[in-house]
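Have a look at the structure below before the remarks.
The values are calculated or read from the model by the stated rules, or taken from the named source; none is laboratory data. Predicted model, so just to flag it, every value in this text is computed and none were measured. Backbone-built Cβ (ideal geometry, glycine too); neighbour counts: all protein chains shown.
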Amino acid sequence: MQRLLILNGPNLNLLGTRQPEVYGRTTLADIESMCRAHAETVGVDLDFDQSNHEGALVDAIHAAKGRSAGIILNAGAYTHTSIALMDAIASVELPAIELHLSNVHAREDFRHVSYIARVAVGVICGFGARGYTLAMDALVSHLDR
């Protein structure tokens with residue numbers, strides 16, 4: 001059975017209370033439960049993690065090599081700043097999907113720049129918590145090709 005890593009970056013531990021008008025009221029624990037249930041329906045195992053620290057995210061990406069078939073990454077603000085995360089994804093040579101709850105292209109200009117997209121097989125944004133299961137479906141489909 002294939003294993004996927006869903007990795008969440010800074011401030012996503014505050015989902016449900018942080019700017020609910022932008023990110024909704026669904027908590028990260030709710031999203032994890034939703035993803036675990038969906039993993040059963042699509043036949044994958046799942047690792048789910050979150051860190052506010054860039055280096056810890058890099059370490060999690062490195063640890064995925066040889067363990068996971070692919071990565072779904074909601075890097076939060078690091079999407080727009082982190083060459084280190086981009087390099088980590090490129091280094092492990094695993095397919096990755098960039099994910100955002102909000103439509104970053106309808107927000108501030110600085111959010112239109114993504115280092116992660118340069119090494120991702122695709123980007124999903126603007127669908128709220130549902131984006132996680134959409135990303136899972138997209139990654140499983142990509143892996144099945």
- Just to be sure, is Leu143 in a helix (DSSP H, G or I), over 18 Å from Glu54 (Cα atoms) and touching a residue at least 24 places away in the same chain (Cβ under 8 Å)? yes
- Restricting attention to the range 94-120, report how many residues are assigned to a helix (DSSP H, G or I), of a type in the set (A, V, I, L, M, F, W, C) and at pLDDT 95 or above. 3
- Item | Hits in the range 10-64 - residues which are closer than 13 Å to Met136 by Cβ, in a loop (DSSP other than H, G, I, E, B) and among the hydrophobic types (A, V, I, L, M, F, W, C) | Val44
- Which of the residues spanning the range 98-116 are surrounded by 14 or more Cβ atoms within 10 Å (Cβ to Cβ) and farther than 23 Å from Arg25 by Cα? Ser114, Tyr115, Ile116
- Selection from the range 1-30 of residues in contact (Cβ under 8 Å) with a residue 40 or more places away in the chain, aliphatic (A, V, I, L, M) and over 24 Å from Ser82 (Cα atoms) yields Met1
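When you go through Arg18, Arg3 one by one, which is the residue that is in contact with a Lys or Arg (Cβ under 7 Å, 6 or more places away or on another chain), exposed (fewer than 15 other Cβ atoms within 10 Å of the Cβ) and basic (Lys, Arg)?
So the residue among Arg18, Arg3 that is in contact with a Lys or Arg (Cβ under 7 Å, 6 or more places away or on another chain), exposed (fewer than 15 other Cβ atoms within 10 Å of the Cβ) and basic (Lys, Arg) is Arg3.
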- Item | Lone unmet requirement of (1) touching a residue at least 24 places away in the same chain (Cβ under 8 Å); (2) exposed (fewer than 14 other Cβ atoms within 10 Å of the Cβ); (3) within 18 Å of Asn13 (Cα to Cα) for Asn52 | (2)
- Message: Against the condition of a type in the set (Asp, Glu), farther than 23 Å from Val58 by Cβ, surrounded by fewer than 18 Cβ atoms within 10 Å (Cβ to Cβ) and at pLDDT below 95, how does Asp137 come out, does it pass?
- Response: no
